[in-house]
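Single-structure report; data block below.
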Amino acid sequence: MNSLAYALLAMVARKDCSGYELVQLLELFWQAKHSQVYPLLAKLEQKQYVAHRLVKQNGRPDKKIYRLTEQGREILSAWIHEEPAVPVVRDEFLTKIYAIWLTSTKRARELLHERIQYFTDMLTDRLLKIREMEERWSDDLYDPHSPQFGRYMILQRKTRLEQEEINWCHWVLERLKKD
């Protein structure tokens, strides 16, 4: 199984989810498309790692809500003990910064301001999610045995990375002022 499959199992271990919800939750780790998630959910269901129930909807197709099976919990627990793969980072923006000497200082500043705005928006949304979690689960967020603990820790990490990205962009902008 690939990392995305384990990520899906981890998501439904925390709470039952639709495929759409899973795509949204995966944003914490990487961008996954619906075209990746739905076929993988079908495979996980074939292997009996997840099961679904149908929820009727008015004016829309029925929605599948997935839950982790005992067999899925066992395979997920075993996977956690394995050595993680080396992180893969692919960021087009960084490639542009690497070649920034080929453009004007004006365009370089625009790129950095766009990046700052993007991460400021992401940070704002993430801080709202953190605040909602803190209001809803308070002490559970610091209990390593709570299903909320891992998600809270990941959200905290993402906010720190986003803030550091904003700080780094400002630092680069300061270097551009010398031009």
Is it true that some residue in region 6-28 is touching a Lys or Arg at 6+ places or on another chain (Cβ under 9 Å), in a loop (DSSP other than H, G, I, E, B) and open to solvent by 100 Å² or more (accessible area, probe 1.4 Å)?
no
Among the residues of region 122-130, are any of a type in the set (V, I, T) and open to solvent by 60 Å² or more (accessible area, probe 1.4 Å)?
yes
So, first residue under 29 Å from F29 (Cβ atoms) and among the acidic types (D, E) in region 89-115, second residue assigned to a loop (DSSP other than H, G, I, E, B) and open to solvent by 60 Å² or more (accessible area, probe 1.4 Å), Cβ within less than 9 Å, six or more apart or across chains; the pairs are none
Looking only at region 92-107, count how many residues are open to solvent by 100 Å² or more (accessible area, probe 1.4 Å) and of a type in the set (F, W, Y).
2
Return the pairs, sorted by first residue and then second, in which the second residue is hydrophobic (A, V, I, L, M, F, W, C) and in a strand (DSSP E or B), the first residue lies in region 47-76 and is exposed (fewer than 14 other Cβ atoms within 10 Å of the Cβ), the beta carbons are less than 7 Å apart, and the residues are 6+ apart or on different chains.
R53/I65; V55/I65; D62/L54; D62/V55
Candidate set from region 77-91 (those that are among the hydrophobic types (A, V, I, L, M, F, W, C) and outside any loop (DSSP other than H, G, I, E, B)); member that is most open to solvent (accessible area, probe 1.4 Å):
I80
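The values are calculated or read from the model by the stated rules, or taken from the named source; none is laboratory data. Worth saying up front: this structure is predicted, and the values here are computed from it rather than measured. Neighbour counts run over all protein chains shown; Cβ positions are idealised from the backbone, glycine included. Note: areas computed on protein heavy atoms with side chains; ligands, DNA, RNA excluded. Shrake-Rupley method; radii C 1.70, N 1.55, O 1.52, S 1.80 Å.
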